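Below is one structure, written out as structure tokens; comments come after it.
The values are calculated or read from the model by the stated rules, or taken from the named source; none is laboratory data. The structure presented is a predicted model; accordingly, all values stated were derived computationally and were not measured. Cβ coordinates were reconstructed from backbone atoms using ideal geometry, including for glycine residues, and neighbour counts include every protein chain displayed.
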């Protein structure tokens, strides 16, 4: 017998070898039918897992846990793959993971799926759900697994199995009816539990995201336990599409792209350029106020610099390299980050412990060779500008300086109105894959220990991301999601005790000895383009007054009111307010609607009564007509809102 500690510290005894699913059934059929996953001694496990020792057990339903949702949706992806194989037997299976709010599956097919094909796939999925096929897990030796998949003609599965074959581990599969899938799980017990599902789109996707490999067909879908929840989600997705920066940013003429220029190289139009300029001025002024020293470094460097830093060995695939080492005396590369450049500023002269902390900031244009399938609007691009900084300090200054970097980031997030939308991830190295990193295990343990202590002392609510560290040190990633729920890193703060030694960066300590400084890599608001994308989606294009490219639109009611409108504009211009006059021969109602579509914060109507009273009739975005106001009074209002960076 085994003792199982359940919810509420209730302890029950069961036969040795009982599965988690059988325990759930013992506790009640309602729980069993709703169960998606379990935790055994705090570790996630498949419901089929046998319990052969005393343990704690938690049965998880779809509503309990994100990992339970993933297990549920992973099963839904198997159902979709089975449906495709039934309808298109020649289709080759690639991968089909659960993702945030849904799942996808990649298929190698001769012709792209049509809308009619997707309808047929959904209908076949319905049949598979009705069949209530149990998912049965089994294992094979690598050779057996390869032979089985070769016989089925599943070339992508064979490739995946071969990558693990040399480890000598058994290869796991899940079977449902006639369908067999290479998979580690976990999964729900049978197909009947997937009550609500919907294919949402179909796109092309390169195998493993590599543009040199074959283009596959990727079907996106979602699944829920209840139809009404799915309908609610799909409605929210439609609302999100209206706020999608890639759509709205083009409609509002904030940015555009050109096939002649290339993918991942957006063009900021005057409105977008103005917003970036406003953010950049705000960031640089705030950094200066906090003791950061501005540098301006080259956009490229010889490969020698990147070889010292380690980027040449660990990041070359992500760089734009100019030249060929085998043919050219000097090979250059566009910079993917600024750190090795700013280190040269530190090395400009000898440093003393009294010089530290030394804070360098830079508005850096960077270049990264992103895969074509990864790029999206302004979120992920090949050329971008970032609020980058590197801080050299003594060990005794590290915690206070890290705290200062975090406080700066939080202040910027609050000012932009994004603070409530972020989460924190403590990105660590993966000791099982040391080739990705420089330094020893002892150095990594020390650096991660220091960061953990700092984050715990600051009471930062972080999650841990193993394998997500930079190749030279751990980092705090401040994460944010776009309107579709996809998460990206917005701001990063990293601790680095490796690169100072590589570059010979030293300072003379109080006892006369030479020491290497700790380095903090940080951004204050991250990539300006990505931040702009998130702001477009956050505000649906209705930017706060201080960030609005046009703060005021002056609308003369008739041609005879033009001169007065330009007099008002002159006063607003003198106060630094960004304004325009709409002198088109259109009715005032049309002009108002146009300004509303442009998301202008304020409209000033000028007519006979306004001229007579030396005032303006004010309309405020979201509120409509707020009445007449003296010109000086209105100027003071907008100037104060701009200065205080108020959000409405």
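Going through region 287-320 one residue at a time, which ones are closer than 18 Å to residue 409 by Cβ and buried (at least 18 other Cβ atoms within 10 Å of the Cβ)?
Of everything in region 287-320, those that are closer than 18 Å to residue 409 by Cβ and buried (at least 18 other Cβ atoms within 10 Å of the Cβ) turn out to be 287, 292.
Among the residues of region 1-21, what is the count of those that are assigned to a helix (DSSP H, G or I) and closer than 24 Å to residue 188 by Cβ?
Keep residues of region 1-21 that are assigned to a helix (DSSP H, G or I), which gives 7-9, 20-21.
If we keep only those that are closer than 24 Å to residue 188 by Cβ as well, we get 7, 20-21.
Total satisfying the criteria: 3.
All but one of (1) surrounded by fewer than 21 Cβ atoms within 10 Å (Cβ to Cβ); (2) over 22 Å from residue 243 (Cβ atoms) hold for residue 568; which doesn't?
Every condition holds for residue 568 apart from (1).
Only strands (runs of 3 or more DSSP E) wholly contained in region 473-591 count here; list those with 1 or more residues that are assigned by TED's automatic domain parsing to the domain that holds residue 601.
Details: elements: 475-481, 487-496, 518-527, 552-556, 579-581.
Because the criterion is at least 1 residues that are assigned by TED's automatic domain parsing to the domain that holds residue 601, the strands (runs of 3 or more DSSP E) in region 473-591 that meet it are 552-556, 579-581.
Any residue that is surrounded by fewer than 18 Cβ atoms within 10 Å (Cβ to Cβ), in contact with a strand residue (DSSP E or B) (Cβ under 6 Å, 6 or more places away or on another chain) and in a strand (DSSP E or B) - is there at least one of those in region 391-408?
no
Are any residues in region 482-519 surrounded by 17 or more Cβ atoms within 10 Å (Cβ to Cβ) and within 22 Å of the chain's Cα centre (by Cα), and if so, which ones?
Once the filter is applied, which keeps residues that are surrounded by 17 or more Cβ atoms within 10 Å (Cβ to Cβ) and within 22 Å of the chain's Cα centre (by Cα), region 482-519 yields 482, 483, 488, 489, 490, 491, 492, 493, 494, 495.
In region 30-62, what residues are without any contact (Cβ under 8 Å) to a residue 12 or more places away in the chain and under 33 Å from the mean Cα position of the chain (by Cα)?
Restricting attention to region 30-62, the residues satisfying the condition of being without any contact (Cβ under 8 Å) to a residue 12 or more places away in the chain are 30, 32, 43.
Scanning region 30-62 gives a single hit, 43.
Within the group 265, 278, 248, 234, which residue is surrounded by 13 or more Cβ atoms within 10 Å (Cβ to Cβ), in contact (Cβ under 8 Å) with a residue 12 or more places away in the chain and assigned to a loop (DSSP other than H, G, I, E, B)? Spell out how you get there, then give the answer.
Numbers: 278 fails: assigned to a loop (DSSP other than H, G, I, E, B); 248 fails: assigned to a loop (DSSP other than H, G, I, E, B); 234 fails: assigned to a loop (DSSP other than H, G, I, E, B).
After ruling out the rest, the residue left standing is 265.
Among the residues of region 391-429, which ones are in contact with a helix residue (DSSP H, G or I) (Cβ under 8 Å, 6 or more places away or on another chain) and without any contact (Cβ under 8 Å) to a residue 40 or more places away in the chain?
410, 419
How do the strands (runs of 3 or more DSSP E) wholly within region 114-230 filter down when requiring 3 or more residues that are under 29 Å from the mean Cα position of the chain (by Cα): which remain?
Details: elements: 136-140, 171-176, 179-182, 196-206, 215-224.
Per the criteria, 196-206, 215-224.
Among residues belonging to region 592-627 that are in contact with a helix residue (DSSP H, G or I) (Cβ under 8 Å, 6 or more places away or on another chain) and in a helix (DSSP H, G or I), point out the one that is surrounded by the most Cβ atoms within 10 Å (Cβ to Cβ).
Filtering region 592-627 for residues that are in contact with a helix residue (DSSP H, G or I) (Cβ under 8 Å, 6 or more places away or on another chain) and in a helix (DSSP H, G or I), the one surrounded by the most Cβ atoms within 10 Å (Cβ to Cβ) comes out as 610.
Report yes if some residue within region 421-431 is assigned by TED's automatic domain parsing to the domain that holds residue 490 and either exposed (fewer than 13 other Cβ atoms within 10 Å of the Cβ) or in a helix (DSSP H, G or I) (or both); otherwise report no.
Let us first name the residues in region 421-431 that are assigned by TED's automatic domain parsing to the domain that holds residue 490, namely 421-431.
Now drop any that are not either exposed (fewer than 13 other Cβ atoms within 10 Å of the Cβ) or in a helix (DSSP H, G or I) (or both), which leaves 421, 431.
Scanning region 421-431 turns up at least one residue that is assigned by TED's automatic domain parsing to the domain that holds residue 490 and either exposed (fewer than 13 other Cβ atoms within 10 Å of the Cβ) or in a helix (DSSP H, G or I) (or both).
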